[in-house]
Amino acid sequence: MKLLLLIPSYNTGRLLADTVAHALEHWPEVWVVLDGSTDDSEKAVEALQSAHPGLRLIKQPVNRGKGAAICRGAEKAAAAGYTHVLTMDADGQHPPESIPKFIALAQAYPEAALLGQPIFGPEAPMLRVRGRRISNAWANLETLCWGIGDTLFGMRVYPVQALLRAFRSTWFARRFDFDTEVAVRICWQGVPAINVPTHVRYLTAAEGGVSQFRYIRDNALLTWMHARLMVSFVLRLPLLIWRAARGGNPLKNIVAP
C-alpha cells in the first residue's frame, strides 16, 4: 500500500500551518487542498515545503466544499499511485498523535475503511454531540448496521478506489454531507469498516478555533441527504439483506486500540 495524508482547508488561519507541521512529524507525505481560501493561510504552509519534499499544496480557485476538496485530492492521489488516503481536518480538532495508529491499522487491514469514532472532551458542544446521534441512526438503517460508529467525524482512512467509486455514484457529497454520504456509499460497496476511537478537541476562539458549521443550513442538507439515501437504500435492499445474511461487515469484531 501507498498512503497519503490529505488535509482539506477553507480559511482555517494559523491553525492550518500548525496542523500540517504536527502531521509531518508523523508522516512525510502530506497534501493540503485549499478550497478557495482567502485568508492567505497557505503562506505559512509554503514556508514548510523546502524542508518537506512530500508536502504539496493543491489550490481550488473557489470554495466548493470539503467533499469536493477531498475528491480532487483523491483523484490526484490515485493518479500518483497512492492506494489509500488518511483524511484529517485542518482546524485542530483531530489529534496528529493518532496518525500512527490509523496507519498501522491501515497496513494491517488494507481492504478496510477506517472510520474515526470521536471521544469528546468536556468542551464539546452538547448540541453537536447529541445531534449527530440522529444521523448515526439513519446511516445504520441505510446500511443494515454494517458498522458506522460515527457519520460526521472526518479523521478516516479510505481505500482510494473505493472512495472514488463513492464519489462517482452521486452528484452530491461535496459539502457538509460528504462524511456521512461517503461512509454509507462505501459500506454499500461491501468495503469492510473498522471504527477507530479517536479524541476530538473543540478549540475556543481565543485558540484560533474556527467552524464552518451552520446549524440550520447543514442540518437541512443532512435531512435532504438521508431522504435521498433512503430511496437508494430501498433499491439496494435485496443485496444488503443478502450481505447481512452472510454475516455483514467481515471486520465488525475488530476492536481498534
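The values are calculated or read from the model by the stated rules, or taken from the named source; none is laboratory data. Here the structure is a predicted model, which is why all the values come from computation and not from measurement. As a convention, Cβ positions derive from the backbone with ideal geometry for all residues, glycine included, and neighbour counts pool all protein chains shown. Just so you know, the surface numbers come from the protein's heavy atoms only, side chains and all, with ligands and any DNA or RNA stripped out. Shrake-Rupley method; radii C 1.70, N 1.55, O 1.52, S 1.80 Å.
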Residues of the range 53-81 that turn out to be closer than 13 Å to R174 by Cβ, free of Cβ contacts under 8 Å to residues at least 60 places away in the same chain, touching a strand residue (DSSP E or B) at 6+ places or on another chain (Cβ under 7 Å) and not polar (S, T, N, Q), as a count: 1
Filtered residues of the range 29-48 (kept if of a type in the set (S, T, Y) and open to solvent by less than 60 Å² (accessible area, probe 1.4 Å)): S37, S41
Number of the condition not met by E97 [criteria: (1) more than 15 Å from L6 (Cβ to Cβ); (2) charged (D, E, K, R); (3) touching a Phe, Trp or Tyr at 6+ places or on another chain (Cβ under 8 Å)]: (3)
Flag if V231 is at pLDDT 95 or above and of a type in the set (A, V, I, L, M, F, W, C): yes
All positions within the range 89-105 that are over 24 Å from Y10 (Cα atoms) and surrounded by fewer than 19 Cβ atoms within 10 Å (Cβ to Cβ): P100, K101, A104, L105
Residue check for R168: at pLDDT 95 or above and either surrounded by fewer than 18 Cβ atoms within 10 Å (Cβ to Cβ) or in contact with a helix residue (DSSP H, G or I) (Cβ under 9 Å, 6 or more places away or on another chain) (or both): yes
Yes/no for I148 being surrounded by 14 or more Cβ atoms within 10 Å (Cβ to Cβ), β-branched (V, I, T) and part of a helix (DSSP H, G or I): no
Members of the range 180-212 found to be modelled with pLDDT of 95 or more, of a type in the set (V, I, T) and more than 17 Å from the chain's Cα centre (by Cα), listed by number: none
Test: residue in the range 142-151 that is within 16 Å of the chain's Cα centre (by Cα), β-branched (V, I, T) and at pLDDT 95 or above: yes
Tally, over the range 133-145, of residues that are in a helix (DSSP H, G or I) and surrounded by 19 or more Cβ atoms within 10 Å (Cβ to Cβ): 4
Subset tally (residues that are of a type in the set (A, V, I, L, M) and crowded, with 18+ Cβ neighbours inside 10 Å) for the range 106-126: 5
Subset tally (residues that are over 23 Å from V255 (Cα atoms) and either buried (at least 22 other Cβ atoms within 10 Å of the Cβ) or at pLDDT below 95 (or both)) for the range 66-88: 8
